[in-house]
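Student: If you scroll down you'll find the structure; I have some questions about it.
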Amino acid sequence: MPIETPNGTLPELLLRMISGRQLTETDARAFLAQHRGVAEATEEAVLRWLAHEYGVGFAALDELEPDKQVLSLFPARLLLRDELLPLRRVDGQIEIATSRLFATQGLDGLKTLTGLRLRPVLAPVEAIQREMKKRLGVGADTIDTLDEETALQVVDEDGSTDANLDEAAEDASIIRFVNQVLKDAIDLRASDIHLEPFEDELRIRYRIDGVLQEIPVPAQIKRFQPAIVARVKILSHLNIAEKRLPQDGRIKVRIDEAEVDIRVSVIPMLHGEAVVLRLLRQNAALRGVKELGMNARELDCLSRVLQLPHGIILVTGPTGSGKTSTLYTALHEINDTERKIVTIEDPIEYQLKGVNQIQVSEKSGLTFARGLRSILRHDPDVILIGEIRDQETAQIAVQASLTGHLVFSTLHTNDAPGAITRLVDMGVEPYLVASSLEAVLAQRLVRVLCPHCKEVDTTPTARAFKARIGLPTDAPVYRAVGCRECRQTGYHGRRAIFEWMDVDAEIRQMILQSSSTDVLRDAARRGGMTTLADDGRRLVQSGMTTIEEVLSVTTAKEVSAGLSNAAKDAATAANAAALRPATK
């Protein structure tokens, strides 16, 4: 029921704070009377007013470092349950940050348990939760509960088997801890989870936006390492008794209506088994071709080749550079009732309605080559091969394109021209490559600057980088700073940079002559190809990423090839100016 006041209904923020025991109805009315613009007020503003009214402190947690020794005096599960964060000792008392001044049960319970003198200070609930996660670690309440369960047995540190390991892995607290790690990683947009055993710790890291970030975990987690690994093995249907050989499995989970396919790899290390879990979001929404972020030329080229009746289109780049996402976006664009599209992949990363998808299974003998031969008897119009890994697959793909099929696939090369020499090195005859290959798209992923904290970079290093990649000296470039929104990384999300090479008549002739990659690159640039560094420079100029980020994913050769004529002219003029005093 809405609470009526002389000025109307109480705003939603105040109602929520009343229901959460952060505020009384009387105080809400008093705050409303003093602050006419309450509709724009924040939880922090209300708590600061409340702290002033009741004579208690207010803690800006961003500017305060909680004392680790003080934090260790209290059970983690009680702190997390009641959202109480011990901060420091002041005048013989311990300050406890809370957002609920009028919910005293939790604070009273801590006083009774520890016998310490506690003093509440107010802080926003979101700030308390964030700092708790940072200071106590993921699953701290679960590990704290396990620590008290002396009946729980795990494998000894020397790796000897314990008969109760299976039971330990099925313990409710271990199950909850593994679930918490998975949910936390998915919420943070992680692509991989790394569980790494060392002599005195079990380190957990997430790969977010292509960079590994260590996640705080309770110090005592090392004791439960074998049970945690065993739980992951059980979920992925692996043999928990096998600790000497690598194992691979998969887990499928559903969270908030989203399905996530998790690929699990377990490898024995010096101090136990290390686990890496790759997270593949099954029903992630596919973007349109225009949302890929391509420049106008690359977008026109892609739209053109999608209408070809036959030929091979390759997407190249290192692992995790977004090749499969680009190909799926292209397939989504041409997926209609008039075309039969068949894919063979390992693994299937997206499920496309109306597309026939085949999962490679090495155990049952369904390889790329064998599956591809069967696909050709299935009357397809378009074929997607997850990756060309060997000569047999490459030759069948070429034959498929020459017999009237449009073939898409990926290849691991550094740039677009390198795909041609890679196919020839695999054993495909140059005349077959020249006849079948239509275009090659190379791509990389660069991190996007956090919009909340990016700043214009005016340092000498930035000026030197601008000269190196051919940017005008007065063009603004930005640098990563780091804030709460981006977890102090300075970046949030990733964007692709592209290098599109059309296989025109000149390049076909060079393929027949077995020309080198460098010669092919020069010919492609004459035909209008922009290098990865060129495209990266476009994102730098638009303020989307940093120069350092582009340089980190491109090679020196690509940067050199990507220098514009204007940059070369500027460098020549600068050299001439430097030499003039010496010639006088």
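The values are calculated or read from the model by the stated rules, or taken from the named source; none is laboratory data. All values reported here derive from a predicted model rather than from experimental measurement. Every residue, glycine among them, receives a Cβ derived from its backbone with ideal geometry; neighbour counts consider all protein chains shown. For accessibility, only protein heavy atoms count, side chains too; no ligands or nucleic acids. Shrake-Rupley method; radii C 1.70, N 1.55, O 1.52, S 1.80 Å.
Student: Using only the heavy atoms of the protein chains and a 1.4 Å probe, how would 409, 361 rank by accessible area, largest first? Don't skip to the end; give the middle numbers.
Tutor: On the way: 409 0, 361 40 Å².
These residues rank, largest area first, as 361, 409.
Student: If you don't mind, there's one more thing I want to ask. Would you kindly derive the ³J(HN,Hα) couplings of the range 339-347 from the backbone phi angles with the Karplus curve 6.51 cos²θ - 1.76 cosθ + 1.60 (θ = phi - 60°), listing them in order in whole Hz, with x for Gly and Pro?
Tutor: So the Karplus estimates, Gly and Pro as x, are 10, 9, 10, 10, 10, 10, 9, 8, x Hz.
Student: Ignoring ligands, DNA and RNA, what percent of the 1.4 Å accessible area of the chain is carbon and sulfur? Intermediate values should be presented prior to the final figure.
Tutor: Details: 14140 of 28360 Å².
Accessible surface attributable to carbon and sulfur in the chain totals 50 percent.
Student: Using a 4.7 Å Cβ cut-off, which Cys residues in the chain lack a partner cysteine?
Tutor: By the Cβ distance rule, which asks for a partner under 4.7 Å, the isolated cysteines are 301.
Student: If I model a spin label at residue 402 and residue 373 as a point 7 Å from the Cα along the Cα→Cβ vector, what separation in nanometres do I get?
Tutor: 1.8
Student: On to the next question. Taking Cα pairs under 8 Å and at least six residues apart, what relative contact order does the chain come out at, in percent? Can you show the working numbers first?
Tutor: Numbers: 960 pairs, mean separation 47.9, N = 584.
Value for the chain: 8 percent.
Student: Work out, step by step, the length gained on full extension between residue 103 and residue 307: first 0.36 nm times the residue separation, then minus their alpha carbon distance; give nm to one decimal. Mind dumping the intermediate values first?
Tutor: Details: separation 204, 0.36 × 204 = 73.44 nm, distance 6.56 nm.
Computed gain between residue 103 and residue 307 is 66.9 nm.
Student: Name the shape class, rounded, prolate or oblate, that the alpha-carbon gyration tensor gives for the chain, where a ≥ b ≥ c are the square roots of its eigenvalues, rounded holds for a/c under 1.5, and otherwise prolate holds if a/b is larger than b/c and oblate otherwise.
Tutor: Working: a/c = 2.15, a/b = 1.52, b/c = 1.41.
Here the chain falls in the prolate category.
Student: Right, here's the next one. Could you work out the relative contact order of the range 212-344? I mean the mean sequence separation of Cα pairs under 8 Å and 6+ apart, divided by the number of residues, in percent. All intermediate terms of the calculation are to be shown ahead of the outcome.
Tutor: Details: 114 pairs, mean separation 18.0, N = 133.
Averaging sequence separation for qualifying contacts and normalising by length gives 14 percent for the range 212-344.
Student: Once you've got the Cα coordinates, tell me which of 134/454; 252/353; 252/363; 133/290; 183/323; 290/340 are over 28 Å apart. Kindly include the intermediate steps, with their values, before the conclusion.
Tutor: Details: 134/454 23 Å; 252/353 19 Å; 252/363 20 Å; 133/290 39 Å; 183/323 26 Å; 290/340 23 Å.
Those over the limit are 133/290.
Student: Could you tell me the accessible area of residue 111 in Å² (1.4 Å probe, neighbours in place), rounded to the nearest ten?
Tutor: Around 80 Å² of this residue is reachable by solvent.
Student: Along the range 351-365, what does the Karplus equation 6.51 cos²θ - 1.76 cosθ + 1.60 (θ = phi - 60°) give for ³J(HN,Hα), rounded to whole Hz, x for Gly and Pro?
Tutor: 10, 9, 5, x, 10, 7, 10, 10, 9, 5, 9, 5, 4, 8, x
Student: Over the Cα atoms of the range 296-407, each weighted equally, I'd like the Debye log10 I(q)/I(0) at q = 0.12, 0.13, 0.21 Å⁻¹, rounded to two decimals.
Tutor: Evaluating at q = 0.12, 0.13, 0.21 Å⁻¹ gives log10 I(q)/I(0) of -0.39, -0.46, -1.30.
Student: Applying the Karplus parametrisation 6.51 cos²θ - 1.76 cosθ + 1.60 with θ = phi - 60° to the phi angles of the range 269-277, what ³J(HN,Hα) value in whole Hz is obtained for each residue in order, glycine and proline being reported as x?
Tutor: For the range 269-277, the Karplus curve yields 10, 4, 10, x, 8, 8, 10, 10, 10 Hz.
Student: Moving to a separate point now. What is the extension gain from residue 35 to residue 72, computed as 0.36 nm multiplied by their sequence separation minus the C-alpha to C-alpha distance, in nm to one decimal? It would help to have the intermediate numbers written out before the result.
Tutor: On the way: separation 37, 0.36 × 37 = 13.32 nm, distance 4.01 nm.
Extra length available between residue 35 and residue 72 comes to 9.3 nm.
Student: Hey, can you rank 504-517, 175-188, 443-456 by average C-beta count inside 10 Å, highest first? Write down the numbers at each step before the final one.
Tutor: On the way: 504-517: 15.4, 175-188: 18.1, 443-456: 20.0.
In decreasing order of mean packing, 504-517, 175-188, 443-456 become 443-456, 175-188, 504-517.
Student: Averaged over every viewing direction, what's the projected area of the C-alpha convex hull for the range 24-127? Give it in nm², one decimal, please. If you can, show how the numbers build up before the last one.
Tutor: Numbers: hull surface 28.3 nm².
If you wrap the Cα atoms of the range 24-127 in a convex hull and average its projections, you get 7.1 nm².
Student: Right, here's the next one. Could you work out [θ]222 nm for the chain from helices alone, using -39500 (n - 2.57) per DSSP H run of at least four and dividing by all its residues? Round to the nearest 500 deg cm²/dmol.
Tutor: Values: 24 runs with 235 residues, N = 584.
Rounded to the nearest 500, the figure is -11500 deg cm²/dmol.
Student: Sticking with this structure for a sec: Write out the GluC sites (Glu not before Pro) in the range 224-308 meeting two conditions: DSSP loop, and at most 11 other Cβ atoms within 10 Å of their Cβ. Display every interim value, and only then the final one.
Tutor: On the way: sites: 242, 257, 259, 273, 291, 298; in loops: 242, 257.
Passing sites in the range 224-308 are 257.
Student: With every protein chain left in place, what is the accessible area of residue 271 in Å² (1.4 Å probe, nearest 10)?
Tutor: Result for residue 271: roughly 70 Å² accessible.
Student: Taking amide hydrogens as modeled 1.01 Å from N in the peptide plane, which residues meet the under 5 Å criterion relative to residue 102, leaving out close sequence neighbours?
Tutor: none
Student: Give me the one-decimal nm value for the distance between modelled label points at residue 459 and residue 548, 7 Å along each residue's Cα-to-Cβ direction.
Tutor: 0.5
Student: Moving on. Would you tell me the accessible area of residue 236, worked out with a 1.4 angstrom probe on the heavy atoms of the protein chains, in Å² to the nearest 10?
Tutor: 0
Student: So, one more: Taking the Cβ-Cβ separation of residue 334 and residue 198 as r and a Förster radius of 45 Å, what is the calculated FRET efficiency to the nearest 0.05? Write out the running numbers ahead of the final one.
Tutor: Details: r = 49 Å, r/R0 = 1.10.
Rounded to the nearest 0.05, the efficiency is 0.35.
Student: Moving on. Using amide H atoms built 1.01 Å from N in the peptide plane, name the residues 5+ places from residue 358, or on other chains, whose amide H lies under 5 Å from its own.
Tutor: 343, 344, 345
Student: Going by accessible area, probe 1.4 Å, with all protein chains left in place, what is the ranking of 535, 171, 300, largest first? Intermediate results must be reported in sequence, preceding the final value.
Tutor: Values: 535 5, 171 35, 300 105 Å².
Sorted by accessible area, descending: 300, 171, 535.
Student: Here is a follow-up. What distance in nm separates the two pseudo spin-label positions at residue 179 and residue 356, each 7 Å out from Cα along the beta-carbon direction?
Tutor: Result: 4.0 nm between the two label points.
Student: Heavy-atom accessible area per residue, the chain, 1.4 Å probe: how many Å²? Write out the running numbers ahead of the final one.
Tutor: Working: 28360 Å² over 584 residues.
Each residue of the chain exposes 49 Å² on average to a 1.4 Å probe.
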